[in-house]
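Right, one structure below, let's go through it.
The values are calculated or read from the model by the stated rules, or taken from the named source; none is laboratory data. Remember, it's a predicted structure, so these values are computed and weren't measured experimentally. Cβ sites come from the backbone with ideal geometry, for glycine too, and all protein chains shown count toward neighbours.
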Amino acid sequence: MEEERERVLLELLGVAALTADSDGQIRYVNHAAETAFGRDASELLGASLEQTILPTPSTEPVAARLKQAASSGQALVWKALSGTKLLFRVVHLGNPERYVLLGVEDSPHPATRSTDLGLPTPSFVASILHEISNPLTYTLASLEGALRKIEELPEDTLTPPFPTVLGYIRSAHEGASRMQSIVKKVTTAGDSGVSWPAESELTLVLDHALLLAWNELRHAVTVIKRYTALPRVMGDQHALTRAVAELLAIAGEEYRQAGSTELSLSVKRHGETASVEIVNETPVSGAHVWGTIDEGRLQFARDAISATGGNLRLTQRASGGQRCYELDLPLAEAARRSSPASSSAVRTLSARVLFIDDEALLAETLQLAFGSDHDVQAVTSAKGAIALLERDRDFDLILCDLMMPEQTGAAVFARIKELAPELAPRFVLMTGGAFTPATQKFLEQFQGLTLEKPFQVQDVEALIVQFLALRKRH
């Protein structure tokens, strides 16, 4: 997890950055470094620093030169083909031992060049992302709410140009989901406390998988898309996209070798499952013996699909003339219905939810999302929340932000324990990070559930159902 956060931060820095092991082998390069070196990451990964930043012949081992640069603070100078010089500062990290190299353009005027490269610290980046988390949360929640309402409409009402508008909404939701993933990688140090099964837009999964696999497919087969608007399925969208892209690439090469030049991608709905089918459109003539599949790539796809509760099958049709890759993925709607906490008895109950956050737009979004089924009270300050709780304590769930002006979520929780200790187990802390010693200490000691920002509607929905189920049992 730390390494993943490190890489996200290096991408956000906006300067050429790479990591290398103690022997000087490059392990990671960011996009800015690719641009600076004029080479793709695939060409740089695994290469020695002697081929890039340390080209000057030396009898001294690379490890020693890196250690010296890191301890002395002396920058390594690298000159691009364009003549631009980059100064690389070397930072030594341990466990496992590795080096981070950060490069900025050398100024021709010594007076304007600072010994401090002026790079933002990880805590600074995290604080910026914390500010992004609120607008990103209500953007995600609004898009999610819109998609759910659209799914409830009869198909015959989705006439042009509505499908195009729906496509824009789906793409916006996917973009916001990717931003959510980036923010969480940086701001979350470990388990966020609340983790619900992910749902994916199957249309976007297939569309993006085709884009990822296009380089391999375009030289092998013609792709025929036989799907339009598709239901949501269970599973992490990015993992499913990569898995489907792998299968498309495997199938495309296999069909090419068999002399079949058309690949068909379609989806059928079978009960509570969506079946994605990849098949060679035109059967191979005669009794064809299909070749060996790259088992490594196939296993990667199989593992990703299995993690969703899905299944991957390889079948043959038309007397062996067609090879079909079938992915059975559980429908999200069915998974919600079958959840133990989502029994009909629980789903018919109405919850009283108190939402405490200084972001008014976020409160409005959650009231829109849940107000028709539940009694949602929204307060935009800790002071206002405490005043409300002093006269009204009948809540099934209290969602409270940690970082707020004047008083924090910690103050609200302390007052709840004084006023009504029975409400403490129903208190869920929303947080995008703690940025003062007091809140950091509180977060470390807090034993309840936490909900990491940015979150989605389904996260809050699952919490409501969970606490309603507890109320029913008691």
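Across the range 212-223, which residue is modelled with the highest pLDDT among those that are part of a helix (DSSP H, G or I) and out of contact with any helix residue (DSSP H, G or I) (no Cβ under 8 Å at 6 or more places or on another chain)?
We begin by selecting, within the range 212-223, every residue part of a helix (DSSP H, G or I); these are 212-217.
In the following step, the residues that additionally are out of contact with any helix residue (DSSP H, G or I) (no Cβ under 8 Å at 6 or more places or on another chain) were identified as 214-215.
Details: TRP214: 86, ASN215: 80.
Restricting to residues being part of a helix (DSSP H, G or I) and out of contact with any helix residue (DSSP H, G or I) (no Cβ under 8 Å at 6 or more places or on another chain), the top hit is TRP214.
Here's the yes/no breakdown for (1) in the same structural domain as LYS453 (by TED's automatic domain parsing); (2) closer than 13 Å to ILE464 by Cβ; (3) touching a residue at least 12 places away in the same chain (Cβ under 8 Å); (4) in contact with a Leu (Cβ under 8 Å, 6 or more places away or on another chain):
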position: ILE356; (1), (2), (3), (4): yes, no, yes, yes
position: ALA363; (1), (2), (3), (4): yes, no, yes, no
position: SER381; (1), (2), (3), (4): yes, no, yes, no
position: ALA385; (1), (2), (3), (4): yes, no, yes, yes
position: ALA414; (1), (2), (3), (4): yes, no, no, no
position: LEU419; (1), (2), (3), (4): yes, no, yes, yes
position: GLU422; (1), (2), (3), (4): yes, no, no, no
position: THR431; (1), (2), (3), (4): yes, no, yes, yes
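Within the range 266-365, which helices (runs of 4 or more DSSP H) (wholly inside it) include 1 or more residues that are at pLDDT 75 or above?
295-306, 332-338
So, of the residues in the range 231-249 that are buried (at least 20 other Cβ atoms within 10 Å of the Cβ) and within 22 Å of GLU151 (Cβ to Cβ), which turns out to be modelled with the highest pLDDT?
Selected residue: VAL244.
Within the range 155-165, is there a residue that is assigned by TED's automatic domain parsing to the domain that holds ALA32 and modelled with pLDDT of 80 or more?
No, every residue in the range 155-165 fails to be assigned by TED's automatic domain parsing to the domain that holds ALA32 and modelled with pLDDT of 80 or more.
Within the range 133-164, count every residue that is surrounded by fewer than 13 Cβ atoms within 10 Å (Cβ to Cβ) and among the aliphatic types (A, V, I, L, M).
Residues meeting the conditions: 1.
From the list SER192, SER200, which residue is touching a Gly at 6+ places or on another chain (Cβ under 6 Å) and either modelled with pLDDT under 80 or not in a loop (DSSP other than H, G, I, E, B) (or both)?
None of the other options fit; the residue is SER200.
For ALA382, which of the numbered conditions (1) under 29 Å from the mean Cα position of the chain (by Cα); (2) buried (at least 21 other Cβ atoms within 10 Å of the Cβ) fails to hold?
So the condition that ALA382 fails would be (1).
Would the range 110-119 turn up any residue that is modelled with pLDDT under 75 and under 26 Å from the mean Cα position of the chain (by Cα)?
yes
Could you please find all residues in the range 134-154 being within 21 Å of the chain's Cα centre (by Cα) and at pLDDT below 80?
Passing the criteria: ASN134, ARG148.
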